[in-house]
Amino acid sequence: MISRIDKDHRRFREIVRGRIRQNLRRYVSRGDMIARKGKETVTIPMPQIDIPRFIHGDNRGQGVGQGEGEPGDPVDGEPGEGQGSGKAGEGEGDKAVEVEVTLDELAQIMGEELGLPRIEPKGSENVETVKDRYVGLRNTGPESLRHFKATFKRALRRQIALGNYNPDHPVIVPVREDRRYRSWKTEPKPQSNAVIIYMMDVSGSMGDEQKEIVRIESFWIDTWLRSQYKGLESRYIIHDATARQVEREVFFSTRESGGTMISSAYRLCNELIEREFPVANWNIYAFHFSDGDNWSVDDTGTCIRLLREQLLPVCNQFGYGQVESPYGSGQFIKDLRQAFGGEKAARSAKDGVLVTSEIKTKDDIMDSIREFLKGGR
């Protein structure tokens, strides 16, 4: 039987989910929510939420159909009560409540709102982990696994059988033969593992605003993919004229002043996959963010060759997000679309592995995420 508090809590969560869905685009574009991220939850500020309920009054002779009065008269209190001018700043302002939402729940809401399909991991080989499951009792084992209830029952049974049990003075003293320990069985547990490799141009033309867009979008991509896989690894590559692998904090804070050679990032990405993430065991996602500037036409040709021959054949999804910058030419996305199937790169020769997206402002993040993830790859 569901208690009243459980019903109220369930209704509250339903109201919260509805509010999040209504304002999802605004929440997605806000970087401050990411700063409120915990290990498994995020904190979302929203207006004060009150669950509707009936309040019983005492009527005091002025209820409906009772006592004297005319339409419009106050139900309770003195006539005109509450009217008049008050001092500015003394009243209570708008209230807000901070609601904790799990990342899994947030991913579910986003998936429903964007119409994202569940991801079916490619390939038949999965990384296997092991899980210990308790299956019974045995006579030997470590003291940390001693089953005290079973040990006590065994000692009690023995003392009763021997006639040593005194109900007036019930002292049960287990001996070595009475001890029982939990036994376990180790079972293989199939687990689909995935890795996300983020690449970002950190040359002088990529400013703080562009990096903030990348930071927000990568958070939501992470959130969705983590809801689809039990194990998810993340790797980060930054590049200007050269590329290097870095930690997450460095990825979002580094800014260089050199030129841009995108092929350096694609080469390093391919080396990382070959070295650490064999395609038979890993579902591989790569996302590259840039303002569209590249060193030369020749290097763009090298990028297209690396994508066609090495990266696209091993990736579940390769997403290229072009962030608008006043200093970038924006040419790279045009070259990709021309090389891989026209305006919609999702119809590329590699069967939709490559997806491109233009992100002009934070308001475009939701649409970009939908473009990247709507294929369910």
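The values are calculated or read from the model by the stated rules, or taken from the named source; none is laboratory data. Quick caveat: nothing in here was measured; it's all calculated off a predicted structure. Don't worry about glycine lacking a Cβ; one is built from the backbone with ideal geometry, like all the others, and counts go over all protein chains shown.
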Determine, yes or no, whether Ile262 is farther than 30 Å from Ala107 by Cα and not aromatic (Phe, Trp, Tyr).
yes
Mind counting the residues in segment 230-287 that are modelled with pLDDT of 90 or more and part of a helix (DSSP H, G or I)?
15
For Gly292, which of the numbered conditions (1) at pLDDT 90 or above; (2) within 29 Å of Asp363 (Cα to Cα); (3) outside any loop (DSSP other than H, G, I, E, B) fails to hold?
(3)
With respect to Cys315, is the statement that it is among the hydrophobic types (A, V, I, L, M, F, W, C), at pLDDT 90 or above, part of a helix (DSSP H, G or I) and surrounded by 23 or more Cβ atoms within 10 Å (Cβ to Cβ) true?
no
When (1) outside any helix (DSSP H, G or I); (2) under 22 Å from the mean Cα position of the chain (by Cα) are applied to Trp220, the one that fails is (1)
Any residue at all in segment 178-196 that's more than 22 Å from the chain's Cα centre (by Cα), assigned to a helix (DSSP H, G or I) and at pLDDT below 85?
no
Going by the conditions given, is Val202 surrounded by 10 or more Cβ atoms within 10 Å (Cβ to Cβ), modelled with pLDDT of 85 or more and farther than 27 Å from Val246 by Cβ?
no
